[in-house]
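The values are calculated or read from the model by the stated rules, or taken from the named source; none is laboratory data. Being a predicted model, the structure only gives us computed values, none of them experimental. All Cβ positions, even for glycine, are placed from backbone atoms using ideal geometry, and neighbour counts span all protein chains on display. With ligands, DNA and RNA removed, areas are computed over all heavy atoms of the protein, side chains included. Shrake-Rupley method; radii C 1.70, N 1.55, O 1.52, S 1.80 Å.
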Amino acid sequence: MSIGRPCHLRADAGAPDDITVDGKPPESDGAAERCAETTYGATEEDAERELEQEKEVPPDEREAMLPNGGGGGGDAGEEEGEKPETRLFRRRFAVLTVFSLYSLVNAFQWIQYSIITNVFTDYYGVDNDKIDWLSIVYMVAYVPLIFPATWLLDRKGLRLTALLGAGLNCGGAWLKCASVSPELFGVTVIAQVVCSVAQVFILGLPSRLASVWFGPQEVSTACATAVLGNQLGTAIGFLLPPVLVPVTPGNLELTGHNISIMFYGTAAVSTFLFLLTVIVIKDRPPLPPSQAQAVLPDCPPEDYSYKQSIVNLIKNKAFVLLLISYGILTGSFYSVSTLLNQMIMACYENQELNAGRIGLTLVVDGMVGSILCGLWLDRTKMYKITTLIVYGLSFLGMVVFTFTLDLSNIYLVFFTAGVLGFFMTGYLPLGFEFGVEITYPESEGTSSGLLNAFAQIFGIIFTLIQGKLTTVYSPLIGNIFLCVWIFIGTLLTALIKSELKRHNVNMGANSNHLQAVSSQKVGKSVVRSCPCSVTGSSLVGTFFSLASL
């Protein structure tokens, strides 16, 4: 059996070879059902004999004949026409916990420099923009590397991708320990680059992990929890560095000692989590957790076209709108997080510690929003309306934060930052899950990877422009710039056409128009790996498909 998901299904209403995934075919059609595992070259008498045998099968056994897709249902069940067996395993909670924890550490390493920008500029003797780039490099590295990373996820599966993420995160943390010297700024840059590469193998995994390990009534909550780990890491990154590395003017030796404590502690935790990753994380459970996972065929890797999967996503207009709107809001969050220290310091003197606490408030409230949104989606499946409402409230939160930042009331900033964080960071898992729904059955890793890539692109652009506007003019001008873009993103979100493809398969609706997507030449192995019931016009479509080989 191949690892990961080397072949996917594509929703295609006009496909000539429809595949019935769930539900009983119309009786009026009069067409005999036939399993797709066909022996080519069979005689006409053999075909008639098979039809007679199928007519003897009771109707309740012929219903919902789903392809097993390597989920572990077994061939025996398929031959009897039963639904593939699905089951939830306790191990899924351990997998989710370990992933969330090493994602937490990676996010901590992203923000640990920028939240105490003034300390690192004094220690290394560099300008603010050099420290800003230690955060921006996370975004820069992600864009070119996301395509090989998602390709690897599809080809080799969840385990190898997770090991790369945790391993590189650990390596970068130890390399930072060797950079604690005023003249070794270049070493800390290299270390941060290594951590940024690790992030490429982390950010796109939440929706894939949730889909592969969790059932339909908990998948959105699981995705939100996986994203929660990254958000919690950002929150700790806002809180701990100002405490561990306080301002010590004129005492570089003490500053270096404090930085060493932070770096060595991070490296020790990263090492422990890497070992847990080796032990705990597997590609998939022995049995699929849902019918949506069960219907995905386990085709040979050579039959899978990653390029075609990307093309299918780009042709999906709803997903393109989501790409842009997700990139705008998430990029705005990245920009605000990176420049928060500079914004607070420009409006409130000697408030480094409070700047970290405000950042903590921003993210912790967002974590609460993430969990609540995940629970809400699992209960209602109202993806578009929830996404639109949260996006609109994020815009309002950004407006309020912008115009109350410089009112000389630091406690008001705590409140407005908390409101902004609740909606802005609470949106992150919504975007992931909405993307999976409207692009199913394409790979969750590919759709999430593209969403994150656009978030990084917008994050780079917004951070550079807002940083310049904040330095040259004021934080007010920089924040107004973001408000305009978030408003545009709200309008784009309203235009997204909501089609819940994964949910429909789990509910047994609209599941008779799925066909395999592989390389351009479809071989017998693809057909034989997708046992299914075929009716009416699909027999004709199958005949012409085979005749064209």
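Give the accessible surface of the range 83-189 per residue, rounded to a whole number of Å², with probe radius 1.4 Å and ligands, DNA and RNA excluded. Spell out each step's value before the answer.
On the way: 3960 Å² over 107 residues.
That works out to 37 Å² for each residue.
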- [ ] Rounded to the nearest 0.05, what FRET efficiency do Val187 and Ile279 give with R0 = 25 Å and r taken as the Cβ-Cβ distance? Could you check?
- [x] 0.20
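Take each of the peptides 472-481, 242-251, average the number of other beta-carbon atoms within 10 Å over its residues, and list them starting from the highest.
Values: 472-481: 17.4, 242-251: 14.4.
Per-residue Cβ counts within 10 Å, averaged per peptide and sorted highest first, yield 472-481, 242-251.
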Open item on the list: Give the separation of the Cα centroids, the range 148-185 to the range 241-269, in Å.
Closed with: 22 Å
Task: Karplus (6.51, -1.76, 1.60) ³J(HN,Hα), θ = phi - 60°, over the range 383-393, in Hz, Gly and Pro reported as x - done: 5, 5, 5, 5, 4, 5, 5, 5, 5, x, 5
Open item on the list: Multiplying the sequence separation of Val243 and Arg90 by 0.36 nm and subtracting their Cα-Cα distance, what value in nm do you get?
Closed with: 51.3 nm
TODO: Leaving ligands, DNA and RNA out of it, report the carbon-plus-sulfur percent of the accessible area of the range 307-514 at a 1.4 Å probe.
DONE: 69 percent
Task: Order by protection proxy (mean Cβ within 10 Å, highest first), peptides 88-97, 101-110 - done: 101-110, 88-97
Open item on the list: Using the Karplus curve 6.51 cos²θ - 1.76 cosθ + 1.60 with θ = phi - 60°, what ³J(HN,Hα) values do you get for each residue of the range 132-137, in whole Hz, with x for Gly and Pro?
Closed with: 4, 5, 5, 8, 5, 4
Open item on the list: Give me the extension gain from Leu353 to Gln217: residue separation times 0.36 nm, minus the current Cα-Cα distance, reported in nm with one decimal.
Closed with: 44.9 nm
Open item on the list: I want to check the label-to-label distance for Tyr264 and Leu375. Put each point 7 Å from Cα in the C-beta direction and report it in nm to one decimal.
Closed with: 4.2 nm
Task: Label-to-label distance, nm, for residues given as Thr97 and Asp129 (7 Å Cα→Cβ offset) - done: 4.7 nm
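Over the range 88-289, with every protein chain in place, what whole percent of the accessible area is carbon and sulfur at 1.4 Å, could you tell me?
Values: 4950 of 6940 Å².
Roughly 71 percent, rounded to a whole number.
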Task: Ile385/Thr121 FRET efficiency (R0 35 Å; Cβ-Cβ; nearest 0.05) - done: 0.20
Open item on the list: Heavy atoms of the protein only, probe of 1.4 Å, neighbouring chains included. What is the accessible area of Glu183 in Å², nearest 10?
Closed with: 140 Å²
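I'd like to compare 286-292, 360-366: which one has the highest average count of other Cβ atoms within 10 Å, and what's the full order after that? Before the final figure, lay out the partial values.
Numbers: 286-292: 21.9, 360-366: 25.1.
Output ranking for 286-292, 360-366: 360-366, 286-292.
What ranking of Ile281, Ile389 comes out by heavy-atom accessible area, probe 1.4 Å, highest first?
Numbers: Ile281 5, Ile389 95 Å².
Per-residue accessible area, sorted high to low, gives Ile389, Ile281.
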Open item on the list: Spelling out what I want: for every residue of the range 325-338, take phi, set θ = phi - 60°, compute 6.51 cos²θ - 1.76 cosθ + 1.60 (Karplus), and round to whole Hz; glycine and proline get x.
Closed with: 5, 5, x, 5, 6, 5, x, 5, 4, 4, 5, 4, 5, 5
Task: Sequence-distant residues sharing a close amide H with Asp406 (under 5 Å, placed H) - done: none
Task: Heavy atoms of Lys315: accessible area, 1.4 Å probe, square angstrom to 10 - done: 150 Å²
Task: Rh by Kirkwood over Cα pairs, then Stokes-Einstein D for the range 307-514 at 0.692 mPa s and 37 °C, µm²/s - done: 186 µm²/s
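When only Cα pairs under 8 Å and 6 or more residues apart are kept, what is the percent relative contact order across the range 88-289? Numbers along the way, then the final one.
Working: 283 pairs, mean separation 77.4, N = 202.
Answer for the range 88-289 is 38 percent.
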